[in-house]
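Engineer: Got a structure here, written out as C-alpha cells. Questions coming.
The values are calculated or read from the model by the stated rules, or taken from the named source; none is laboratory data. Since the structure is predicted, the reported quantities are computational estimates derived from the model, not experimental observations. Here the Cβ is made from the backbone with ideal geometry for all residues, glycine too, and neighbour counts use every protein chain on show. Please note that ligands, DNA and RNA were not included when accessible areas were found on the heavy atoms of the full protein model with its side chains. Shrake-Rupley method; radii C 1.70, N 1.55, O 1.52, S 1.80 Å.
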Amino acid sequence: MKALQYRRFGAGPEVVEIDRPAPGPGEVLVKITASGICHSDEHVMSLPAEHFPYAMPQTLGHEPAGTVAEVGAGVTRIELGTPVVVYGPWGCGWCAMCADGTENLCLTGMTAPGLGSPGAMAEYMIVDDVRHLVPIGDFDPVSAAPLTDAALTSYQAIKSVMNRFVAGSTTVVIGAGGLGHMAIQLLRALTGTRVIALDLGEARLAFAREVGAHAAVESNREAGSTVREMTGGRGADVVLDFVGTDITGRLAVACGGVGSSVVLIGAGGGGVTIGLTSAPLNMTVSTSFWGRRQELIELVAMARRGQISVRTTTFPLDEGPRAYELLRRGEIRGRGVIVPA
Ligand code: NAD
Ligand code: ZN
Ligand code: ZN
C-alpha cells in the first residue's frame, strides 16, 4: 500500500510503498478515507535528529477517518465496513486519567497514530483498540477527520474556561488556521462571547470573519491596544493562543484584561510569561493538550447537526509532499485533508 512517511531528517515527507499491516489480537484494520494535516506534523519534522521522539520512518497522520476493513482476534463490538473516525491519543486505558476518557493525559504516557504509531497518511492503518473508533454513519469523512484534532483540541481548550464566557464577554483567538477556525465556530455555537480573531494578512482575516469571527485584526505589535480599545479599555476575558510563540505569548498578555484567562494551545516553541506587575492582575494562564474521547463523540454529533463545519482542501496521497509544503508556507485555508483513494 502507499504511505506518506517522514524518512530523512530535515527533508519533507515522501510517498512510499509499504506492506499492508494485519491486525493483531484486539486490533482493528481501518481503510483510510480521509486524513487531516496538522501543523504539529510540521513541528515534529523540524526537530533535530537527537530530539526526534519516535522511530524512523514515521508514517504521518493523526486525524483519521476510514472504514473498518478487518478485525483481529477477540474484536467483536464493531462490524466490517463501519465508517469511523479514530480518536488519536491512545492511553493505557486503566490509569486514573484514562478511566474517565482523558486518554490525552494518560499518566503512563500515550502514543498516537502518526506520532509514534504508524499514522493515517496511508491506505490502511492499525487502530490499537476498538474503543478508539467513533462511528460517523453517513457523514462525509473529509469533514469528519479534522474533528479528531483540529476541533477536539479547540473544544477542550474552550471547555476548560467555559465559566469565563459571561454575558458581554470578549474572546481573542490568535491564529485562525486549522484549529483556530474550528475554535471560532465552537465559540459561536456554544457561547454568546464576542470573538476577535488575530492573524496575518487580509486573506486570513477575511477567512476568520467568514467562519464567524465578529472582528478580525492584523496580528502585530499594536493588536493588544486595538483589542483594549475594542473592549472599552478592559481587555479580553479569554485569549486562546493557537500559535504559541513568544511573540504571540506577549500578544496574549497584551490582549487580556484583569482576571482574564489565557489558554496556550499552539506548539510554536514559545510561551506566555506573566508576573504580578507585568501582567493584568489575576490573569490565569493554562495549557491545553488534545481532548477527551467523550468530547470527540460530542463533536461528531455537533458536526452532523451542521452546527460546525470544517473548511477543507483535499489532496490525493501522491500530493502529500506538496500539501505539507503549502502548510509550511501558510497557504492552506482551514484544514488540508489527504484522501488516499
Ligand atoms: P495552521 O498552520 O493551520 O494555523 C496556524 C495559523 O496561525 C495560521 O492561520 C497562521 O497564519 C496563523 N499565525 C501564524 N503566526 C501568527 C501570529 N504571529 N499571529 C497570529 N496568527 C499567526 O496550524 P494548526 O494545525 O491550526 O495548528 C496550530 C498550532 O496548534 C500549531 O502550533 C500546532 O502544533 C498546535 N497544536 C496543538 C495541539 C494541542 O493539543 N495543544 C493540537 C494540535 C495542534
Ligand atoms: Zn495535531
Ligand atoms: Zn492511561
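Engineer: Counting only protein heavy atoms and using a 1.4 Å probe, what share of the accessible area of region 97-162 belongs to carbon plus sulfur, as a whole percent?
Structural biologist: The nonpolar share, carbon plus sulfur, comes to 58 percent.
Engineer: A further question follows. Given R₀ = 22 Å, FRET efficiency for Ala55-Val16 by Cβ-Cβ distance, to 0.05?
Structural biologist: Calculated transfer efficiency: 0.90.
Engineer: Let me ask something else about it. Between Arg131 and Phe289, how high is the FRET efficiency from 1/(1 + (r/R0)^6) when r is the Cβ-Cβ distance and R₀ = 22 Å? Nearest 0.05.
Structural biologist: 0.65
Engineer: Report, as a whole number in µm² per second, the diffusion coefficient that Stokes-Einstein gives for region 129-200 at 25 °C and 0.890 mPa s using the Kirkwood radius over alpha carbon pairs.
Structural biologist: 183
Engineer: Next question, about the same structure. If I model a spin label at Thr67 and Ala96 as a point 7 Å from the Cα along the Cα→Cβ vector, what separation in nanometres do I get?
Structural biologist: Distance between the two pseudo-spin positions: 4.4 nm.
Engineer: How long are the semi-axes of the equivalent ellipsoid of the chain, defined as square roots of 5 times the Cα gyration tensor eigenvalues? Whole Å, largest first.
Structural biologist: Taking √(5λ) for each eigenvalue gives 34, 21, 19 Å, largest first.
Engineer: Further, regarding this structure: Between helix 246-255 and the chain, what is the angle of the helix's C-alpha long axis to the longest principal axis, kept within 0 to 90° and rounded to the nearest 10?
Structural biologist: Roughly 50 degrees, rounded to the nearest 10.
Engineer: Further question on the same structure: Give me the extension gain from Thr108 to Leu47: residue separation times 0.36 nm, minus the current Cα-Cα distance, reported in nm with one decimal.
Structural biologist: Length gained, Thr108 through Leu47: 19.6 nm.
Engineer: For Met1 and Asn163 in one chain, what is 0.36 nm times their gap in residues minus the Cα-Cα distance, to one decimal in nm?
Structural biologist: 53.6 nm is the gain from fully extending Met1 to Asn163.
Engineer: Let me ask another. With a Förster radius of 30 Å, plug the Cβ-Cβ distance of Ala206 and Arg328 into 1/(1 + (r/R0)^6) and report the FRET value to the nearest 0.05.
Structural biologist: FRET efficiency, Ala206 to Arg328: 0.85.
Engineer: With axes computed from alpha carbons, what is the tilt in degrees of helix 178-190 against the longest principal axis of the chain, rounded to the nearest 10 within 0 to 90?
Structural biologist: That helix lies at roughly 70 degrees to the long axis.
Engineer: By the scheme Lys and Arg +1, Asp and Glu -1, what is the net charge of all other residues having a beta-carbon under 11 Å from that of Arg335?
Structural biologist: Result for the neighbourhood of Arg335: 0.
Engineer: Over the Cα atoms of region 55-102, what radius of gyration and what Dmax do you get, in Å?
Structural biologist: In Å, with Rg to one decimal and Dmax whole: 13.6, 33.
Engineer: Oh, and also: So for the chain, taking the charge dipole from beta-carbon charges (+1 Lys/Arg, -1 Asp/Glu), which of Phe52, Leu190, Ile37 sits furthest toward the positive end?
Structural biologist: With unit charges placed on the Cβ atoms, the residue in question is Leu190.
Engineer: Still on this structure, I have one more. Indicate the gyration tensor shape class of region 153-295 (rounded, prolate or oblate), computed on the Cα atoms with a ≥ b ≥ c the square roots of the eigenvalues: a/c under 1.5 is rounded; otherwise a/b larger than b/c is prolate and the rest oblate.
Structural biologist: Verdict is rounded for region 153-295.
Engineer: Using only the alpha-carbon atoms, how far is helix 293-304 inclined from the longest principal axis of the chain? Give it as 0 to 90 degrees, nearest 10.
Structural biologist: 80
Engineer: What Kirkwood radius, in Å to one decimal, follows from the Cα pairs of region 44-173?
Structural biologist: The Cα-based Kirkwood calculation yields 16.5 Å.
Engineer: State the Cα centre-to-centre distance between region 44-69 and region 276-341 in whole Å.
Structural biologist: Here the two parts' Cα centres lie 16 Å apart.
Engineer: Would you mind checking which residues have amide H under 5 Å from Thr284's amide H? H placed 1.01 Å from N; only 5 or more apart, or other chain.
Structural biologist: Ser260, Ser261, Val262
Engineer: What Rg and what Dmax come out for region 26-91 when only alpha-carbon atoms are used, in angstroms?
Structural biologist: 14.7, 43
Engineer: Another question, then. With every protein chain left in place, what is the accessible area per residue of region 192-288 in square angstrom, probe 1.4 Å?
Structural biologist: About 46 Å² of surface per residue is accessible.
Engineer: Same structure again: Around Ile126, with a cut-off of 11 angstrom between Cβ atoms, what is the net charge of the other residues, counting Lys and Arg +1 and Asp and Glu -1?
Structural biologist: Neighbour charge sum, excluding Ile126 itself: -3.
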